[in-house]
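Since the structure comes first, as structure tokens, the remarks are kept for the end.
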Amino acid sequence: MRAMKNIVILISGRGSNMEAVVRAAQAEQWPARIAAVISNKADASGLAFAAGMGIATAVVPSNQFASRAEFDAALQQAIDVYSPDLVVLAGFMRILTAPFVAHYAGRMLNIHPSLLPAFPGLATHRQALEAGVAQHGATVHIVTAELDHGPVLAQAAVDVLPGDTEATLAARVLVQEHVLYPRAIRQFIDGQQGR
């Protein structure tokens, strides 16, 4: 019997993707446990959900560090308490330093609201509408030092409809994210189990 994998999820806000992952892990009885949910903001509403589910939570306030490197070092310490096999970024709105990314190389995942390599960075829904694309969506990828450029693990697409606004498009993409991210994480864990 293999040991359970430990997953640490990082959030900055309501954590709806984190919630989807937690619910899927429980419902599908993953060979893994959500060991902790950590936020860079004390008022992130996702922390209350995690605590309510009996998951350890922690806050490493990004606004209390003089530099990105100092914050990342403190965050790394907080994460490593839980011996993570996998670090999951779920709406974690921070650009991470290269040493931090290197520390979790090959075991940190992110979900990005576009069909990468199209529209990296912020305001992806606006970028998609302005570009006039027929399809938009979400991508799960392995995190590398280059923002939104790591190896793609899974994607889900939605059609861009006439009259779409950033809000309507974002809402349809989010529905797909909540299905895609748990599935991709489960496949990743199952792949790790085989190693």
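Summary of computed values
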| quantity | calculated |
| --- | --- |
| Qualifying residue in the stretch 149-160 (condition: at pLDDT 95 or above, among the β-branched types (Val, Ile, Thr) and farther than 30 Å from ALA69 by Cβ) | yes |
| Among (1) in a loop (DSSP other than H, G, I, E, B); (2) over 21 Å from ASN40 (Cα atoms); (3) out of contact with any helix residue (DSSP H, G or I) (no Cβ under 9 Å at 6 or more places or on another chain); (4) not polar (S, T, N, Q), the one test that ALA184 misses | (1) |
| The lone exception for ALA128 - which of (1) within 22 Å of VAL21 (Cα to Cα); (2) in contact with a strand residue (DSSP E or B) (Cβ under 7 Å, 6 or more places away or on another chain); (3) assigned to a helix (DSSP H, G or I) it fails | (1) |
| Selected residue (criterion: farthest from the chain's Cα centre (by Cα)) from residues of the stretch 36-74 that are aromatic (Phe, Trp, Tyr) and either modelled with pLDDT under 95 or farther than 13 Å from GLY13 by Cβ (or both) | PHE65 |
| Hey, ASP80 without any contact (Cβ under 8 Å) to a residue 12 or more places away in the chain, touching a helix residue (DSSP H, G or I) at 6+ places or on another chain (Cβ under 9 Å) and under 27 Å from GLU28 (Cα atoms) or not | yes |
| Number of the exception - ALA138 against (1) under 30 Å from SER83 (Cβ atoms); (2) out of contact with any Ser or Thr (no Cβ under 8 Å at 6 or more places or on another chain); (3) at pLDDT 95 or above | (2) |
| Yes/no for VAL87 being under 12 Å from the mean Cα position of the chain (by Cα) and in contact (Cβ under 8 Å) with a residue 60 or more places away in the chain | yes |
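Listed here are the residues, each with its yes/no results for (1) farther than 18 Å from ASN17 by Cβ; (2) of a type in the set (A, V, I, L, M, F, W, C); (3) more than 15 Å from the chain's Cα centre (by Cα).
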{"site": "SER114", "(1), (2), (3)": "no, no, no"}
{"site": "THR124", "(1), (2), (3)": "no, no, yes"}
{"site": "ALA134", "(1), (2), (3)": "yes, yes, yes"}
{"site": "ALA138", "(1), (2), (3)": "no, yes, no"}
{"site": "HIS141", "(1), (2), (3)": "no, no, no"}
{"site": "THR144", "(1), (2), (3)": "yes, no, no"}
{"site": "VAL152", "(1), (2), (3)": "no, yes, no"}
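The values are calculated or read from the model by the stated rules, or taken from the named source; none is laboratory data. Since the structure is predicted, the reported quantities are computational estimates derived from the model, not experimental observations. Reconstructed Cβ throughout: ideal geometry from the backbone, glycine too, with neighbour counts over all protein chains shown.
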